[in-house]
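Asker: Please find one structure pasted underneath; my questions will follow.
The values are calculated or read from the model by the stated rules, or taken from the named source; none is laboratory data. What you see is a predicted model; the values in this text were computed from it and never measured. For neighbour counting, all protein chains shown are included, and Cβ atoms are generated from backbone atoms with ideal geometry for every residue, glycine included.
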Amino acid sequence: MVRFVGRRLAVGVVSLFVFSFVMFWLVESLIPGDYFSVFRLGMSADEVEALRQAFGVDLPIHLRWWRWLLAFFQGGLGQSTTGRGVTHELTDAIAPTVFVFVTGLAVAFAIGQWLGRRTGWVGGLRSDGITVAGVSLSTLFPPFVGFIVTTVLALRLRQWRARFFEDERRRLWLDAPLDEGQFLNRMTLALAVGLVLAALVAAMWWRLRRKRITSGVQFLLALALMLGLWQTLGITPWAVDLLFDAILPLIAFVVLAFGEFMLIMQAGVVGQLNEDYVGTARAKGLRERTIRDRHASKNAVLALVARLAVSIPYLMTGLVIIERALSWPGIGTVLFRAIESQDIPVVISVLMVIGVVTMLTRLALEIITYALDPRIAHPVEVHV
Amino acid sequence: MITWRARTWRVFKLGLGHFLHNRLAVIGVAIIVVYGMAGLAYPFLIGTVWPSGVYNPVTGFDPNVMSNPAPPGEGHVFGTDALGRDVLSQLLAATRPTWLMAMVAAFSTATIATIVGAIGALFRGFIDAVLSRLSDAFLLLPAPIFMLVIGSSERSQDIGPVDFGLIYGVITGVGAGAIVIRAQALKVIAAPFIDAARVAGAGRWRILGLHVLPHLYPLAAVYMMLAVVGAIVADGFAAWLGQTGTRVNWGTLVYNGITFTNPITGLVAWNVILPPSIALSLFAAAFYLVSVGLREVADPRYRAARRRTVDPL
C-alpha cells in the first residue's frame, strides 16, 4: 500500500512538473507582453528595457519558468497587476472552490451510482429513456444551468433568509472566530473525514461481526459524523450559514455532474449482467437485490472510479464555468478576471492550482481503486 | 488484395449491423445529419426565402415588429432578440461553424490519441515513459479552460472553428484520449495472436498496422465522440465570453438572451435563451448517443449483455 501510494505520488509530481512547463510556455507565448509593456505609461524604450532587465522579464523562457517554479514552492507567487500578491488573491479563492468541488463530487457520485445501478439492472426501453435523460442533463450548457438556478431559486432563497435569519446572521458574523475561507476548509475536512470514517466503520463491522452496513446507512453515518465534527470544532452556526451561501453552485454542479456518473455506472452494470458469477448467484437462490448491490455493482463501480480519474479536469472546468456564471468567489471568478485583464502571473498560478487539485484528486481515486480492486495489489501471474 | 477487401467489407457490415441495432445511436446519427443539413441549407435560405436585410444574423432588422425582443410570431419562428434580429436565423447561421468545429475536434482527437497511445504501448521503455508523462501532464490541463486562455491572446480573432477544433483535439488527444487508448493497446498486445505474428516474423510496424490498430479503432471512435461533447460546450462557453473569432454562435446567443432583457417590461427573453441552449445540448447529446452505439460495436460482451442474449461470437 505505502509503496503503491509512494509510486503514484512520484508519478504525479513528475507529471505536475512537465505540466508546469508546458502550461507556462503556452501561456507566455500566447498572451504577449509583460507588466512593463502593459503599464509603460510614457516611459522611454531604454527605461522599459532597464526595468525588464532589473526584474528578469527579459530572460529566456526556461529560466523564467525555473525561477517561477522555485518561487511557487517557496510560497511566493509574484505580484498581480491589481497590486495585491498573487498568493493573497489565491488563498481567498481556493477554499470556496475546493469546498464546492469535494461536496458536489460526493453528492453527485452518490446519486449517480445509485440511479445507474438501478436503471442498468432493469434494462430495456425504460433504461434507454433514463439514458437519454442522463445524457441531456450532462450536456446542458453550464451558463444556462447557472441562469436557471439563479432565476428560479436565488431570489426566493434570499427572501426566505432575509425574513427569518437576518438579525442572527449579522450578529453571527460580527464575532466570528475565523474568516470564511477557514470555515470552508474545516467543512471540507469534516466531510472528507466523515466519509472515510463511515467507510472504515462499515469495513470493520464486516470484519468483526460479519454484518453488512447498507450504503444508505453508511451515508447517514457519514452525515452524522460530519455534523459531530462541526460541533467539536465549534463551527456549526457559521457552517450552516455558509452552506446556504454555497447551495446554488452546489446544486448547479451536481446537476451537471451526476448525469455522467449515472451513465457510466449504468453501462458498467449492464456489462456485468451476462457474467458467469451473476448466473451462479442466481442459481444459489440469492435475491436479485443482493446480486445487484453486492456482486454486480461492486465490479461496475471500478469502471466508474477509473473513468472519473479521466473526467476530473472536465468536472473542474464545469465548476469553474458555474462559478463564473453564479459569481461564486472561487478560482473561476479569479481566473476570468485575470484573463480579461491580461494578468499573467494570476492566470499561470490559477492553472497551476487547478493542476495540483486535479493531481491530488486523481491520487485519491487511485487509492480508492487500490482498496476496492484486489487485482492491483495481488496481480494474477499468467503462465502461457 | 481482393480477400483483404472482402474481409474488411464483411467486418464493416457486421459492425454496421450492430450499430444500427441500437436505436439510441441511430437517433444520434440522425440528429447530427439534420444539423449538418441545416448548416448547409442556411446560405440558400438567406438568399431566397429570407430577405437578407431582415434575416441577416448580425445586422438584420424587421421593421414590421413593433417592440424587440418579440415572442414567436408570424415570420419569426423563435421571435427576435433585443436588437430585432431573427433568432432562428442566428441559430442556423451558428450551426455550420459549430458542426465543422465538432467534426475537426472529433477526428483530430481520435487520430492523435490512437497514434500516441499505440506507439507508447508498442515500444514501451523510454518512449513510453516520455509519452505517458506527457499524457499525464496534458490530463492536468483542462482543455476548455485553456481554450479561454487562448481566446484572450491578441490573435484570438483569427481562431476560426477549424483551429478551435484542432487545438482542442490535440489537448484531449494527447491527454485523456492517449491514456485510454494506451491501456487498450497494452491489453491487445498481451494477446496470444500478437505473439503468433511475432513468431511468424512480422516486424514492429506490420504488427502495429495490421494487428493492433484495427482493435483500437472502435475504442478511439467511442472516445472521440465523448471528446466532442466537451468541445461543443467549450466552444459555446468561449463564445459566451466573447472570446472566439466566430461572430455568431449559440453561446453568444445565450449571452445576449441573459444580458439583454426586454427594455420595457424588464422580462427575461426566454425565446432567445432557450432555443440555442437546447440546440447546443441536443447536438452534444447526439455525439454521446453515437458513442453508446459504437461501444456496442467495440465490445461484444457489452453488446450481448445489453441485448440480454448470449453472444454468438
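Asker: Any residue at all in the stretch B:172-195 that's aromatic (Phe, Trp, Tyr), within 13 Å of chain A (Cβ to nearest Cβ) and surrounded by fewer than 24 Cβ atoms within 10 Å (Cβ to Cβ)?
Answerer: The answer is yes, given that some residue of the stretch B:172-195 is aromatic (Phe, Trp, Tyr), within 13 Å of chain A (Cβ to nearest Cβ) and surrounded by fewer than 24 Cβ atoms within 10 Å (Cβ to Cβ).
Asker: Across the stretch B:255-275, what is the number of residues that are closer than 11 Å to B:Gln90 by Cα and either of a type in the set (A, V, I, L, M, F, W, C) or free of Cβ contacts under 8 Å to residues at least 12 places away in the same chain (or both)?
Answerer: Final tally of qualifying residues: 1.
Asker: Which of the residues that make up the stretch A:279-296 are within 34 Å of the chain's Cα centre (by Cα) and of a type in the set (A, V, I, L, M)?
Answerer: A:Ile291, A:Ala296
Asker: Let me ask something else about it. Looking at the stretch B:287-306, is at least one residue among the basic types (Lys, Arg), more than 30 Å from B:Gly79 (Cα to Cα), part of a loop (DSSP other than H, G, I, E, B) and more than 8 Å from chain A (Cβ to nearest Cβ)?
Answerer: Looking for residues that are among the basic types (Lys, Arg), more than 30 Å from B:Gly79 (Cα to Cα), part of a loop (DSSP other than H, G, I, E, B) and more than 8 Å from chain A (Cβ to nearest Cβ), one finds none in the stretch B:287-306, hence no.
Asker: Taking B:Ser67 as meeting all but one of (1) surrounded by 15 or more Cβ atoms within 10 Å (Cβ to Cβ); (2) in contact (Cβ under 8 Å) with a residue 60 or more places away in the chain, write down the number of the exception.
Answerer: Among (1) surrounded by 15 or more Cβ atoms within 10 Å (Cβ to Cβ); (2) in contact (Cβ under 8 Å) with a residue 60 or more places away in the chain, the lone unmet condition for B:Ser67 is (1).
Asker: Now, a different point. If the requirement is being more than 9 Å from chain B (Cβ to nearest Cβ), among the hydrophobic types (A, V, I, L, M, F, W, C) and surrounded by fewer than 19 Cβ atoms within 10 Å (Cβ to Cβ), which of these qualifies: A:Leu319, A:Leu308, A:Leu302?
Answerer: A:Leu302
Asker: All but one of (1) within 12 Å of chain B (Cβ to nearest Cβ); (2) modelled with pLDDT of 80 or more; (3) crowded, with 17+ Cβ neighbours inside 10 Å hold for A:Pro313; which doesn't?
Answerer: (2)
Asker: Can you say whether A:Leu360 is within 19 Å of the chain's Cα centre (by Cα), surrounded by fewer than 17 Cβ atoms within 10 Å (Cβ to Cβ) and either at pLDDT 85 or above or of a type outside the set (Gly, Ala, Ser) (or both), as far as the supplied structure shows?
Answerer: For A:Leu360, the condition - within 19 Å of the chain's Cα centre (by Cα), surrounded by fewer than 17 Cβ atoms within 10 Å (Cβ to Cβ) and either at pLDDT 85 or above or of a type outside the set (Gly, Ala, Ser) (or both) - is met.
Asker: State whether one or more residues within the stretch A:156-166 are assigned to a helix (DSSP H, G or I) and under 27 Å from the mean Cα position of the chain (by Cα).
Answerer: yes
Condition check ((1) more than 27 Å from A:Thr369 (Cβ to Cβ); (2) loosely packed, with under 14 Cβ neighbours inside 10 Å) across all residues:
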{"residue": "A:Arg171", "(1), (2)": "yes, yes"}
{"residue": "A:Asp175", "(1), (2)": "yes, yes"}
{"residue": "A:Phe183", "(1), (2)": "yes, no"}
{"residue": "A:Met187", "(1), (2)": "no, no"}
{"residue": "A:Leu191", "(1), (2)": "no, no"}
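Residues are listed down the side, and each one gets a yes or a no for (1) away from chain A (no Cβ under 12 Å); (2) without any contact (Cβ under 8 Å) to a residue 40 or more places away in the chain; (3) under 26 Å from B:Ser281 (Cα atoms):
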{"site": "B:Gly79", "(1), (2), (3)": "yes, no, yes"}
{"site": "B:Ser89", "(1), (2), (3)": "yes, no, yes"}
{"site": "B:Trp99", "(1), (2), (3)": "yes, no, yes"}
{"site": "B:Met103", "(1), (2), (3)": "yes, no, yes"}
{"site": "B:Thr114", "(1), (2), (3)": "yes, no, no"}
{"site": "B:Ile127", "(1), (2), (3)": "yes, yes, no"}
{"site": "B:Ala137", "(1), (2), (3)": "no, yes, no"}
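Asker: Given B:Arg133, B:Arg124, B:Arg96, B:Arg85, which one is among the charged types (D, E, K, R) and under 21 Å from the mean Cα position of the chain (by Cα)?
Answerer: B:Arg96 is the lone residue from the list that is among the charged types (D, E, K, R) and under 21 Å from the mean Cα position of the chain (by Cα).
Asker: Identify the residue in the stretch A:198-231 that is part of a loop (DSSP other than H, G, I, E, B) and among the basic types (Lys, Arg) and, among all such residues, is farthest from A:Thr188 (Cα to Cα).
Answerer: Once the filter is applied, the top-ranked residue is A:Arg210.
Asker: Just to check your reading of the model, which residue among A:Ser15, A:Ser44 is modelled with pLDDT of 80 or more and either more than 28 Å from A:Pro329 (Cα to Cα) or among the hydroxyl-bearing types (Ser, Thr, Tyr) (or both)?
Answerer: The match here is A:Ser15.
Asker: What is the number of the single condition among (1) facing chain A (nearest Cβ under 10 Å); (2) at pLDDT below 80 that B:Thr265 does not meet?
Answerer: Failing condition for B:Thr265: (1).
Asker: List, please: which pairs have Cβ atoms under 7 Å, are six or more places apart or on different chains, and start with a residue in the stretch B:164-180 that is more than 21 Å from B:Leu216 (Cβ to Cβ) and end with one that is among the β-branched types (Val, Ile, Thr)?
Answerer: Between residues of the stretch B:164-180 that are more than 21 Å from B:Leu216 (Cβ to Cβ) and residues that are among the β-branched types (Val, Ile, Thr), the close pairs are B:Phe164/B:Thr244; B:Gly165/B:Val104; B:Leu166/B:Val104; B:Ile167/B:Ile150.
Asker: Hey, B:Ile119 hits all of (1) more than 20 Å from the chain's Cα centre (by Cα); (2) at pLDDT 85 or above; (3) more than 22 Å from B:Tyr217 (Cβ to Cβ) but one; which does it fall short on?
Answerer: (3)
Asker: Then there is this: Is it true that B:Gly160 is more than 13 Å from every other protein chain (Cβ to nearest Cβ) and under 30 Å from B:Ile232 (Cα atoms)?
Answerer: Yes: the conditions hold for B:Gly160.
Asker: Can you confirm whether A:Leu184 is within 23 Å of A:Gly104 (Cα to Cα), out of contact with any helix residue (DSSP H, G or I) (no Cβ under 9 Å at 6 or more places or on another chain) and in a helix (DSSP H, G or I)?
Answerer: no
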